[in-house]
Amino acid sequence: MPKVVVTFPEGKHKVLTLSYDDGRAADRRLIGILNAHGIKGTFHLNSGLLGTGDRLAAEEIAAQYRGHEVSAHTVTHPTIARSPKEQLVEEIAQDRRGLEQLVQYPVRGMSYPNGSYSRQIKELLPFLGIEYSRTVESTGGFGMPDDWHEWKPTCHHNGPLMSLAEQFAGLHKKQYLYMMYVWGHSYEFDNDNNWDRIERFCEYIGGREDIWYATNIEIVDYMADFRRLRFSADSTFVHNPSASSVWLQVDDRVVEVPGGSQVKLV
């Protein structure tokens, strides 16, 4: 029986993703930096607050975040662990509806406003079409989450960003999958006068051939596609019922399993 494990696309073993909240005007500058270095981000927006203060207006959302992911953050940013379930349902469902009208694709993820969540909230989210949600508790590590509805990032951008980036870039053991996940609020760069921090990070970590640059939902979808693969009992062939390719390491070889195909592994 061959030894079969999943890899990221094209046989890569590392993925980088960024996650930023609130949809403030500083997102424009941040997105410009990400785009310049081929890095993808997920941006969690409050549909009911768009256009207020320095938040981006509804009419610019689709164009501004093109190539990245727009994700939910509730309509009005309440501390949801303190909210009645009726308000929680409305905050999330209405946020999805409002954002989907702007970007014209299903919004399937979120981040917890004020970092507030509970077991009850986590259990409710799948029934509201939310497939993942990010917390604010940093791990300092590069592991994959075992609970997508309690997705803990590696670090806030004001944490030990460059030292972690250097560690991440140096990881090479292919028996593991590694993920670096950075989160924050783009307006913090204005407040702290430290745009150079994210600029140096992106210049250093971007454009590397051994890193997959993905949005939050792309990671969730890819791992779900892997779980849907149908292997023979002896793992000598596999069928992929999904539309997208999944890559496997079979002994010492990288094998692409295209969507809708059956592939021999030995």
Test set (1) assigned to a helix (DSSP H, G or I); (2) over 16 Å from residue 44 (Cα atoms) - residue 114 fails condition number: (2)
Of everything in region 104-147, what is under 14 Å from residue 71 (Cα atoms) and in contact (Cβ under 8 Å) with a residue 40 or more places away in the chain? Give them in sequence order. 104, 108, 109, 110, 111, 113, 130, 131, 132, 134
Can you tell me which residue within region 1-28, out of those that are among the hydroxyl-bearing types (Ser, Thr, Tyr) and more than 16 Å from residue 221 (Cα to Cα), is surrounded by the most Cβ atoms within 10 Å (Cβ to Cβ)? 20
Pairs, please: C-beta under 6 Å, at least 6 apart or cross-chain, first residue touching a residue at least 24 places away in the same chain (Cβ under 8 Å) and on the phi > 0 side of the Ramachandran plot and in region 78-89, second surrounded by 14 or more Cβ atoms within 10 Å (Cβ to Cβ) and part of a helix (DSSP H, G or I)? none
Qualifying positions in region 4-26 - more than 16 Å from the chain's Cα centre (by Cα) and among the hydrophobic types (A, V, I, L, M, F, W, C): 4, 5, 6, 25, 26
Being within 30 Å of residue 119 (Cα to Cα) and of a type in the set (Asp, Glu) is the filter here, so list the residues in region 56-89 that pass it. 69, 86
Region 32-49: number of residues that are within 11 Å of residue 202 (Cβ to Cβ) and aliphatic (A, V, I, L, M): 4
Residue 137 is checked against (1) surrounded by 20 or more Cβ atoms within 10 Å (Cβ to Cβ); (2) in contact with a helix residue (DSSP H, G or I) (Cβ under 8 Å, 6 or more places away or on another chain); (3) assigned to a loop (DSSP other than H, G, I, E, B) and fails just one. What number does that condition carry? (1)
Would you call residue 161 out of contact with any Gly (no Cβ under 9 Å at 6 or more places or on another chain), touching a residue at least 60 places away in the same chain (Cβ under 8 Å) and among the aliphatic types (A, V, I, L, M)? no
How many residues does region 66-90 contain that are out of contact with any helix residue (DSSP H, G or I) (no Cβ under 7 Å at 6 or more places or on another chain) and of a type in the set (Asp, Glu)? 2
Of the residues in region 46-65, how many are touching a helix residue (DSSP H, G or I) at 6+ places or on another chain (Cβ under 9 Å), closer than 21 Å to residue 218 by Cα and surrounded by fewer than 16 Cβ atoms within 10 Å (Cβ to Cβ)? 1
With the requirement that a residue be over 18 Å from the mean Cα position of the chain (by Cα) and either crowded, with 17+ Cβ neighbours inside 10 Å or at pLDDT below 95 (or both), what does region 96-115 give you? 98, 102
If we ask which residues in region 131-151 are more than 11 Å from the chain's Cα centre (by Cα) and under 27 Å from residue 192 (Cα atoms), their number turns out to be 8
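The values are calculated or read from the model by the stated rules, or taken from the named source; none is laboratory data. Since we're looking at a predicted model, the values are computed, not measured. Here Cβ is always computed from backbone atoms with ideal geometry, including for glycine, and neighbour counts include all displayed protein chains.
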